[in-house]
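Report on the structure given below.
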2 protein chains.
Amino acid sequence: MADHAAKAALYDALAESAKALANGRRAELVDVLAQGERSVEELAAEIDQTLANTSQHLQRLLRSGLVQSRREGTRIYYSLASEVVGDLWRTMRRAAQEHVSGLEQLAADYLGDRSKLRTITRDVLRSRLRDGDVVVLDVRPEAEYAAGHIRGAISIPIHDLRSRLGDIPDGAEVVAYCRGPFCVFADEAVRMLSRKGISAARLEDGFPEWNQAHLPVARS
Amino acid sequence: MADHAAKAALYDALAESAKALANGRRAELVDVLAQGERSVEELAAEIDQTLANTSQHLQRLLRSGLVQSRREGTRIYYSLASEVVGDLWRTMRRAAQEHVSGLEQLAADYLGDRSKLRTITRDVLRSRLRDGDVVVLDVRPEAEYAAGHIRGAISIPIHDLRSRLGDIPDGAEVVAYCRGPFCVFADEAVRMLSRKGISAARLEDGFPEWNQAHLPVARS
DNA sequence: GCAATATTCAATGATTCACTTGAATAAAAC
DNA sequence: GTTTTATTCAAGTGAATCATTGAATATTGC
């Protein structure tokens, strides 16, 4: 007959991967890292935390095995350890969306009213891409676009969008996307473009989900 | 520009589903509940904990929304809130298997040496089932078999196996399965059958994975 | 109504966690 | 070799978590 203590220890270890994600700041870190590797300093800015605190969260993730790090000169870059970690984050997000009460309200508080925001699904965008009657706009930071983007997309980081509206081809409809369903960049882009009289919609989720669905991507 | 506090609150809420699973005892509970609904008393016995402690963990899961409960007379039955929760548990387990260091050793400590244990995959079992040259043996408790099992499987709970060896048809090879990859029941069954000279192997994972893959199942 | 059973509640102490602050490293630039 | 920059370490504080204990509650059967 098997030992109770050994069973407990095994399930404790299985729960380690959940513990790693069981914190809002670490969830934010994983969400950003799902776009590609980043330095500690950049990550601290992304999650609005001190360097020391961010470093400690990253080391917790490192100890859990879900992320890895490499040194390049004076900087240390962190990245997800594998595809499975992205799967875990997305599944966790989906479970929270379906079951955590109050989440819709919190999303609305952060993202604002999305009811007037036109969104399209991956499948629709895919067929529109084949028809060629759409401009796909990646509004994430340059580095994330460089690490991987929807094939055919043009890059205009959200902070440059106002001054680079001229870069968007005339006539075609724009589909903006960013990091995922809870990323504000694409929302802001669609609102700005609509105000300027440009027809725009947002992709319902972001690049990691597109990539995970094995749809056409490009790099650099 | 979006508010930092609102973003933090949103990601805190997303992390709630991870927090719910971020404990070895709750992971065990979800693993058992993935087989079907159970009463508090039964669950406490499964995870070798006091009633009070088990009840508190179940209420934590309830608050997270990942499980639901219903009263029947004096008993309260808990069950997973949806398929997504099973997905979350399996994805988490996979992430831990790939990335949590020391997990293999802990599994070996609990399960013993599996190297001499023949295992077969879902796909292989599926085609062997079509050929009809295999006896599929469900060694979970009766209630779990009743809640759902591999179509064509016979039920002999592991604790009854020794006295019911006669129920196993002669000649055919046996494939035993139970709750999942870290469940000991099927291991014990295969070892016992092998000692008795009956050719036996274990399915590499359990009923929830079979069901999730939309392979043929039956109820009652 | 009263006793029995299943579950939950409430209070406790030990442990871990999240964040802050200020000091310590380690590589690169001068 | 000293300074600069990016990251980590170490110590401290308040809050949350976990298992334990014993009491409280709700439903059933009498």
Subject >> Condition check for A:Arg26: over 18 Å from the mean Cα position of the chain (by Cα) and not assigned by TED's automatic domain parsing to the domain that holds A:Arg140 >> reply: no
**OP:** Only one of these is facing another protein chain (nearest Cβ under 7 Å) and modelled with pLDDT under 95: B:Ala13, B:Ala9, B:Ala2. Name it.
**Re:** B:Ala2
Original post:
Among A:Leu21, A:Leu14, which is the only one that is more than 21 Å from the chain's Cα centre (by Cα) and either surrounded by 17 or more Cβ atoms within 10 Å (Cβ to Cβ) or not aliphatic (A, V, I, L, M) (or both)?
Top reply: A:Leu14
**OP:** Could you list, in sequence order, all residues of the stretch B:180-197 that are aromatic (Phe, Trp, Tyr) and part of a helix (DSSP H, G or I)?
**Re:** B:Phe185
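For the stretch B:32-64, what are the residues that are outside any helix (DSSP H, G or I), without any contact (Cβ under 8 Å) to a residue 40 or more places away in the chain and buried (at least 18 other Cβ atoms within 10 Å of the Cβ)? Give the steps one after another, and end with the answer.
Residues of the stretch B:32-64 that are outside any helix (DSSP H, G or I), as a first pass: B:34-39, B:47-50.
Subset that is without any contact (Cβ under 8 Å) to a residue 40 or more places away in the chain: B:39, B:47-50.
Passing the criteria: B:Ile47, B:Gln49.
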Original post:
Using beta carbons and a limit of 9 Å, which pairs, at least six apart or on different chains, have the first residue in the stretch A:66-77 and assigned to a strand (DSSP E or B) and the second one within 13 Å of DNA strand C (Cβ to nearest atom) and basic (Lys, Arg)?
Top reply: A:Ile76/A:Arg70; A:Tyr77/A:Arg70; A:Tyr77/A:Arg71
Original post:
Residue check, B:Gln56 against (1) within 8 Å of DNA strand C (Cβ to nearest atom); (2) within 14 Å of chain A (Cβ to nearest Cβ); (3) not hydroxyl-bearing (Ser, Thr, Tyr), all met but one. Which one?
Top reply: (2)
Subject >> Which listed residue, of A:Glu98, A:Glu28, A:Glu72, A:Glu83, is within 13 Å of DNA strand C (Cβ to nearest atom), within 27 Å of B:Glu83 (Cα to Cα) and out of contact with any Gly (no Cβ under 7 Å at 6 or more places or on another chain) >> reply: A:Glu28
Subject >> Residues located in the stretch B:29-55, provided they are within 10 Å of DNA strand D (Cβ to nearest atom) and within 28 Å of A:Leu61 (Cβ to Cβ) >> reply: B:Ile47
Subject >> Subset of the stretch B:142-161 that is open to solvent by less than 60 Å² (accessible area, probe 1.4 Å) and within 14 Å of chain A (Cβ to nearest Cβ) - its residue that is farthest from B:Ala186 (Cα to Cα) >> reply: B:Leu161
**OP:** Tell me which of these A:Ala172 doesn't satisfy, since it passes every other one: (1) at positive phi; (2) more than 23 Å from the chain's Cα centre (by Cα).
**Re:** (1)
Original post:
Within the stretch B:37-47, is even one residue among the hydrophobic types (A, V, I, L, M, F, W, C) and within 12 Å of chain A (Cβ to nearest Cβ)?
Top reply: yes
Original post:
Right, B:Ala20: outside the structural domain of B:Phe182 (by TED's automatic domain parsing), touching a Gly at 6+ places or on another chain (Cβ under 9 Å) and on the phi < 0 side of the Ramachandran plot or not?
Top reply: yes
**OP:** Give the residue that is farthest from the other protein chains (Cβ to nearest Cβ), with candidates limited to residues of the stretch A:63-109 that are within 22 Å of B:Asp12 (Cβ to Cβ) and within 12 Å of DNA strand D (Cβ to nearest atom).
**Re:** A:Tyr78
**OP:** Select from the stretch A:110-141 the residues that are in a helix (DSSP H, G or I) and open to solvent by less than 90 Å² (accessible area, probe 1.4 Å) and write down the one among them that is nearest to the other protein chains (Cβ to nearest Cβ).
**Re:** A:Tyr110
Original post:
Only one of (1) over 24 Å from A:Cys183 (Cα atoms); (2) part of a helix (DSSP H, G or I); (3) within 12 Å of DNA strand D (Cβ to nearest atom) is not met by A:Leu10, so which one is it?
Top reply: (3)
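The values are calculated or read from the model by the stated rules, or taken from the named source; none is laboratory data. As the structure is a prediction and not an experimental result, all values here were calculated from the model. Every residue, glycine among them, receives a Cβ derived from its backbone with ideal geometry; neighbour counts consider all protein chains shown. Protein only, heavy atoms only, side chains kept; ligands, DNA and RNA dropped before computing areas. Shrake-Rupley method; radii C 1.70, N 1.55, O 1.52, S 1.80 Å.
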